[in-house]
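What follows is a short report on a single structure.
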Amino acid sequence: MFPTAVFEENIVFNPRGEAYAFYRLSGTTYEYLAPHAKRSVLRPFEELLYVYTGDGQLLYLTEELTITEKQYVGPISLSNEPDIIKEASRHTYSACQALVEGRAQARRVYLGLKLPTVNKFDFSFSAKEVRDHFLDIVSAIKKNTNISERTISEAVRAERELYHQMSGTLDISRITFSDLDFIVRRNVQRAGALPPLLSPRKKGVFDRALLYAMSEGAIIDPKLNYVKITLGDRELYQTFLTFADVPRYIRDYDDEWLAALNGHLFPVDAVIHFKVEAPVKARGKVISRKKIAKDQINESYKGEGEASEDSEWAVGESRSLESKLSGGMPLITFHTTFSVAAYDKTEMEANAKALMQFYRQREYRVVRPPGDQVKCFFSFFPAGNPGSVGIETDPGFLSAGGPTVGYEVGDNRGFFIGWTKGKIPVFFLPGLAMSREENTTGTIVCTGVLGGGKSNLKKLIMELSGLMGARIFSIDPKDEDHVFKKLPFEMKQIDLSALGEAKINPFKLSVETIRARAIANDYLDLILDTQRDDRETRRLVVATAVNQVMLRSPENQDMHTVLDTLEHITKHGLTGLELPYPVNEASNSRIQEEAQNCLMHLHTMSMSSLGRMVFGKGTPDLGGTEQITVVNLKELPLPQPDKRKEQKITESERQGVGLMYLAAAAAREAMLRAPRDQLKVLPIDEGWVLLDIPEGRRLIKEIIRMSRSFNIIPILCVQNASDIDIDGIRNNVGYVFCFRANYDEEIKDNCKMLGIQYNEYIQKMFTSLESGQCFMRDIKHRVGKVYISPQPDYLLQLFDTSGGNKR
C-alpha cells in the first residue's frame, strides 16, 4: 500500500488515518563559521526535539538542476544590442551546458511531523499487486474515502499551532503540492533531472491516475540488493544503505554526518524517521534496561566470569542518561536510510561502496540490508514507515548531523560564475545588491596574490555586466582590459600610460564647478605633498592658486595658469590677488617661499614625459557614448606593494599615483553623468595605490557612498584585505572574493574581511588555493569556497594574464 493517501495543503494523511504536517527547511551556510556560530545554526533543531513529542520524518533529497536557456535568462535584463544579444546567447548556451555536464545540484530538506491525534476516519482501499508494474505495488486504489470536515479542521488547527511553535526558531516554510510532486518524482527517478512538475493544486488523493502522472508510468522490479526501475526505455538502479550502529560520541559541531553528503561527487539522498519520547516515559524504559544489564553483570561475576566492556559501559552510560532524562531531555529513536542511484549498475555499486567506506571511516556501521530494499524504497515517501533498525540517542545527535546546514553562496539568480561545495552552482546578478529587494551595497572587493585569479574575475564581472547593457569605466594600471576590443562591446581606450600621447586637464574633469575645484586641489595636494604637518603654508598656497585659476575664464582654467599664479605669488606675495580673506603681510615671506618651491616643482614636472600629460588645455572625452571606457595606465611608476612600508614614495611614483587619482576622479564623474537608473561598473585594479593616500581614500569612500543611489558597482582589486580595513569602506562592501594568500598576516586579514575565524585549517586552505579558486562572501554574508568558471570557455583564455593572451 502506498504510504501517502490524501493531502490537504501541507498536511499529508497516510492509509492509517494519521496526519503529518510537512515543511521545507532552509539551511544556513555554515562551513566556515566560528564555533559559537555553528552551534547557533545547529541548536534550533535540537530545541524542536525538546518541545515536540511524537513521530517525525526528515527527507534529505538532492535536486539535480536542469535550467533551460529561457529559464536561465528569465531573471536577467539583457542588452538589446544585436551583437551583445549574440554574445549573451553564447554565454547562456555554454552556462546551461556546464550546469548539465557538471550535474549541478541543490539540496532540498523536508521535515514531516505527526500531528496530535485527530478523529480517525475510515479509508477503504483495495490494492492489486502486479510484480512487474510499479503502480500496482505502490498505489492504493481508492474505492471510498470519507474525510469529515471536522477531521480536516482539527488537523489544520493542530498544524497551525505547530507551525507557530516552530517558526520562531526554525527557518521553515509550508510545502506545496509542487514539493509533494518533487518528492515522489525524486524517489522514483533518483538520477538526473526530473521532468516538469504537475500543475499546482491544494488538495487531492494519491490515486492511480496521480501516481501514474508523477512516476511517468515507472515499473519497479525489486531485487535482493537493489531495486530496478524501468522508465520507458531506460533502466534505473537504486540501492539502499542503513545505519546499523553509530559512534558512541560525536562533537556538537564539525561532525555533520548528514550534511556531509553534500561533499560527494555523486548524489546521495537520505531519510530519517525519528520518534521523540517524553522524558518521563523514556526514563522508566532506561531504568528497566539498566536493571537488566546489572543483573547480567552480576550473573557473570557469580559464575566467576567477567562482564563484557560493553555491558559495563552501558550501565555507566545509563546513569548519565537517566540524569539527563530527569532534567527534561527526551529520548530519540531514529532510523536512517541512504539511497544512491545510477543508470549504470556498475556505477551504482561503486557509489554505494564509496558511501559505505565514507561512513565506516567515521565509525558508523553501515549495512546494505538484503531483502529489505523495497521497504527502504517506500520509506522515502511522505508519511512512510522506517526502512531500517532504530537507534536510540539524545536530541543533540540528530541536530549535530546538520539538517539545518547549508552550503549555498552567491545570488539566488543571475549568471552562472562557478561552483562551490560538491556540485552546487554559484550565481551572480550584477545590480541585485542595490535593488529594492536587497537594498544594500554592491561594492566588490577582490584580494589575492598575482596569478590567483582576481583579474580574471574582475573581467568576468565586466563581461556579464556588459551583457546587461551596463556602462563600464575601468582604471587599468596593467593594460589588461584591452581584451574587450575582441568582444562585441563599443569600447574606447584612453592612453595615459608612460608612453602615451594623451593629455589631461585636472580642472576639466567635472562639469560641476565645486567638484572640478576639489579634484584639482586634491591632485595638487598630492603632487606637492602638502599633507605633512609642517606644510600648512604650502596647503594655503595650493588652495590660493586653485581659487585663482577657477576665477579665470573657462579656456584659461588649466595647469599653465597655476604656474602663472605661483609665479605671481613668488614675486608679489598675495598682493594683487582677488582673495576672500585679508592678507597678513607678516606671513607673505613664507607664502612666497612655498610658492617658489611649488613653482619649481611643477615647472620641472611639466618638462618630464610623465608630468607634461597634465598640462593639457582640454581633456580626453572621458564621458563618451561608448559602453566601455578603459583608462590605460600601464608602466606608470607606481609604488611597489611589497615595499610600501619600507621606503618613501619617489617623485616619479607620486606623479604616477597622481595620474591614477585623476583617472579615478574622471571615472566618478562619468558615472554621475550617466542616467541614474543605468547599471554602471567601476573597476579599479591595484586599488591599494589610491587607498594608500588621503586623497584616494576620500575619493573611493565617496564613490562607495553614492554607489547604491547611482546604481554603481565599484570593484576594488587589492593585494591584501588590510588595504580595505578603513572606516567608511570596510563596512560598505557587498561581495568579497579572496584568492590565494601566502602569509599568515594576509590570511588573517582575509578572514577578518570574510567574517570567518582564522585557524590552521583555513591557513592551509588559503595557501593551497589554485588559480581561479577563492573564498567568496555574498551580500547575505554567507561564505563558501568557490571555483570561478567563466562561460564560454574562450573567456578564460581571453582573460588570461599569464602571458598566453597577446594583443
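Values quoted throughout were computed directly from the atomic coordinates according to the rules given, and no laboratory measurement underlies them. Keep in mind it's a predicted model, so treat the numbers as computed, not measured. Heads up, the Cβs are rebuilt from the backbone with ideal geometry, glycines too, and the neighbour counts pull from every protein chain shown.
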Quiz item: So if R0 is 30 Å, what FRET efficiency would Arg730 and Leu796 give, r being the distance between their Cβ atoms, rounded to the nearest 0.05?
Solution: 0.45
Quiz item: Under a point spin-label approximation (7 Å from Cα along Cα-to-Cβ), what is the Lys70-Ser709 distance to one decimal in nm?
Solution: 4.2
Exercise. Would you mind putting 363-371, 20-28 in packing order, based on average other-beta-carbon counts within 10 Å, highest first?
Key: 20-28, 363-371
Quiz item: What does the charge add up to near Ser606, with Lys and Arg as +1, Asp and Glu as -1, over the other residues with Cβ less than 12 Å from its Cβ?
Solution: +1
Practice problem: Run down the aspartates and glutamates and flag those whose C-alpha is under 18 Å from the C-alpha of Lys202, throwing out any fewer than 8 positions away in its chain. | Solution: Glu8, Glu9, Glu149, Glu154, Glu159, Asp179, Asp181
Quiz prompt | Relative contact order (%) - the stretch 505-619, alpha-carbon pairs under 8 angstrom, separation at least six | solution = 31
Quiz item: Mean residue ellipticity at 222 nm from the helices of the chain, using -39,500 (n - 2.57) per DSSP H segment of n ≥ 4 over the full residue count, to the nearest 500 deg cm²/dmol?
Solution: -12000 deg cm²/dmol
Quiz prompt | Label-point separation in nm, Val367 to Lys228, each point 7 Å along Cα→Cβ | solution = 2.6
Quiz prompt | the chain - charge dipole about Cα centre, Lys and Arg +1 at Cβ, Asp and Glu -1, debye rounded to 20 | solution = 1640
Quiz prompt | Over 18 Å between alpha carbons, listed pairs Lys503/Lys617; Lys421/Lys748; Lys503/Lys701 | solution = Lys421/Lys748; Lys503/Lys701
Quiz prompt | 12 Å cut-off, amide nitrogen to a point 7 angstrom out along Val389 Cα→Cβ, residues in the stretch 230-262 | solution = 242-246
Exercise. Please report the base-10 log of the normalised intensity I(q)/I(0) for the chain, using a Debye sum with one equal scatterer per alpha carbon and no solvent, at each q in 0.05, 0.06, 0.08, 0.09 (1/Å).
Key: -0.39, -0.53, -0.80, -0.93
Practice problem: Obtain the nm distance between the two label points defined at Asp529 and Glu626 by a simple spin-label model: each point lies 7 Å from its Cα along the Cα-to-C-beta direction. | Solution: 3.6
Quiz item: Taking θ as phi - 60°, what are the ³J(HN,Hα) couplings along the stretch 710-722 by the Karplus curve (6.51, -1.76, 1.60), each to the nearest whole Hz, with x for Gly and Pro?
Solution: 9, 6, 10, 10, x, 10, 9, 9, 10, 6, 10, 5, 4
Quiz item: Put +1 on the Cβ of every Lys and Arg and -1 on every Asp and Glu Cβ in the chain; which of Ala545, Ile272, Gln773 then has its Cα farthest towards the positive end of the dipole?
Solution: Ile272
Quiz item: For the stretch 325-442, what is the relative contact order in percent, using Cα pairs closer than 8 Å and at least 6 residues apart in sequence?
Solution: 21
Practice problem: Express in nm, to one decimal, how much length is gained between Lys203 and Glu149 on full extension, taking 0.36 nm for each residue of separation and deducting their alpha carbon distance. | Solution: 18.1 nm
Exercise. Output the relative contact order of the chain, whole-number percent, from Cα pairs under 8 angstrom with separation of 6+ residues.
Key: 16
Quiz item: Placing +1 at every Lys and Arg Cβ and -1 at every Asp and Glu Cβ, with all other atoms neutral, what dipole size does the stretch 481-535 have around its Cα centre, in debye to the nearest 20?
Solution: 260
Exercise. May I ask which residue of Gly402, Phe177, Ile85 lies farthest towards the positive end of the charge dipole of the chain, with charges of +1 (Lys, Arg) and -1 (Asp, Glu) on Cβ and the Cα centre as origin?
Key: Phe177
Self-check item: Residue-by-residue Karplus 3J(HN,Hα) for the stretch 425-434, coefficients 6.51, -1.76, 1.60, Hz, glycine and proline x
Solution: x, 10, 10, 9, 10, x, x, 4, 4, 8
Practice problem: Just add up the charged neighbours of Arg39: K/R +1, D/E -1, any other residue whose Cβ is under 11 Å from the Cβ of Arg39. | Solution: 0
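Restricting attention to the stretch 383-478, which GluC sites (Glu not before Pro) occupy a DSSP loop and are surrounded by at most 12 other Cβ atoms within 10 Å?
Passing both the DSSP loop test and the Cβ count: Glu437.
May I ask you to sort Val786, Val73 by Cβ crowding, counting other Cβ atoms within 10 Å and putting the fewest first? Intermediate results must be reported in sequence, preceding the final value.
Working: Val786 23, Val73 19.
Listing Val786, Val73 from fewest to most nearby Cβ atoms yields Val73, Val786.
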Self-check item: Ranked list, fewest to most other Cβ atoms within 10 Å of each Cβ, for Asp685, Asp254, Asp479
Solution: Asp254, Asp479, Asp685
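What number comes out for the charge environment of Asn80, summing +1 per Lys or Arg and -1 per Asp or Glu over other residues with Cβ under 14 Å away?
-3
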Self-check item: Size of charge dipole - the stretch 505-619 - debye, nearest 20, with Cβ of Lys, Arg +1 and Asp, Glu -1, no other charges
Solution: 260
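Using the 10 angstrom Cβ neighbour count as an exposure proxy, how do Asp221, Asp181, Asp558 rank, fewest first?
If I rank by nearby Cβ atoms, fewest first, I get Asp221, Asp181, Asp558.
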